[in-house]
Amino acid sequence: MIFIRRGDFLTGIQNSQLDELDLQILDILIKDCRTPYLEIARICHVSGGTIHVRMKKMEDLGIIKGTRILLNLPTLGYDVCCFVGVYVDKTSSFSAVCDELSKINEVVELHLITGNYSLFAKLVCKNITDLQDILMNKVNVISGIERTDTLISLSQPIDRNIKL
């Protein structure tokens, strides 16, 4: 999976730092980030060296942040995915709350959001008992968290990258 920062990407397009070849490379990698550079070069009708140079450029610009393996979590015993809306007691607590939440392995995403919640966290757990333990003994005991709301995901019918 290739991660693209939307702000940098849009700025790059506006400043003409990315051309059609760069976008074609990104499109190929979004579909399958394991595509070898030589295969990308063949598809794009350029040399392998050109692909290396373009990839380095996009990494230096911060457009490509890295690659990540996608795990089939249920096959590894993580059957529960949920989202936790976190109410933080005051603005000065945000940094400390984020730091503490980042220490919990089951917290796989954390978003600062608008709306009723201060933060929105995605958690993956082995089962409901595990979720209850994480909420009661790891999340809700964090200083600065006023309260939480938990929404359990029943399924994920869409899981994709943005199309460029």
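The values are calculated or read from the model by the stated rules, or taken from the named source; none is laboratory data. All of these numbers come straight from a predicted model, not from anything done at the bench. Cβ coordinates were reconstructed from backbone atoms using ideal geometry, including for glycine residues, and neighbour counts include every protein chain displayed. For accessibility, only protein heavy atoms count, side chains too; no ligands or nucleic acids. Shrake-Rupley method; radii C 1.70, N 1.55, O 1.52, S 1.80 Å.
Being closer than 22 Å to Leu151 by Cβ, open to solvent by 100 Å² or more (accessible area, probe 1.4 Å) and touching a residue at least 12 places away in the same chain (Cβ under 8 Å) is the filter here, so list the residues in the stretch 65-86 that pass it.
Asp79, the sole residue that qualifies.
Exactly one condition in (1) outside any helix (DSSP H, G or I); (2) over 19 Å from Pro74 (Cβ atoms); (3) more than 15 Å from the chain's Cα centre (by Cα) is false for His111; which is it?
Just one mismatch for His111, condition (3).
With the requirement that a residue be open to solvent by 30 Å² or more (accessible area, probe 1.4 Å) and either over 22 Å from Asp159 (Cα atoms) or not basic (Lys, Arg) (or both), what does the stretch 107-125 give you?
Answer for the stretch 107-125, where residues must be open to solvent by 30 Å² or more (accessible area, probe 1.4 Å) and either over 22 Å from Asp159 (Cα atoms) or not basic (Lys, Arg) (or both): Val108, Glu109, Leu110, His111, Leu112, Ile113, Thr114, Gly115, Asn116, Tyr117, Phe120.
Among Ile142, Ile128, Ile104, Ile152, which is the only one that is open to solvent by less than 60 Å² (accessible area, probe 1.4 Å), of a type in the set (A, V, I, L, M), at pLDDT 95 or above and over 23 Å from Thr67 (Cα atoms)?
Testing whether each residue is open to solvent by less than 60 Å² (accessible area, probe 1.4 Å), of a type in the set (A, V, I, L, M), at pLDDT 95 or above and over 23 Å from Thr67 (Cα atoms) leaves just Ile142.
Checking the condition charged (D, E, K, R) and either exposed (fewer than 11 other Cβ atoms within 10 Å of the Cβ) or under 21 Å from the mean Cα position of the chain (by Cα) (or both), which residue from Asp89, Asp22, Asp99 passes?
Result: Asp99 is the single residue among Asp89, Asp22, Asp99 that is charged (D, E, K, R) and either exposed (fewer than 11 other Cβ atoms within 10 Å of the Cβ) or under 21 Å from the mean Cα position of the chain (by Cα) (or both).
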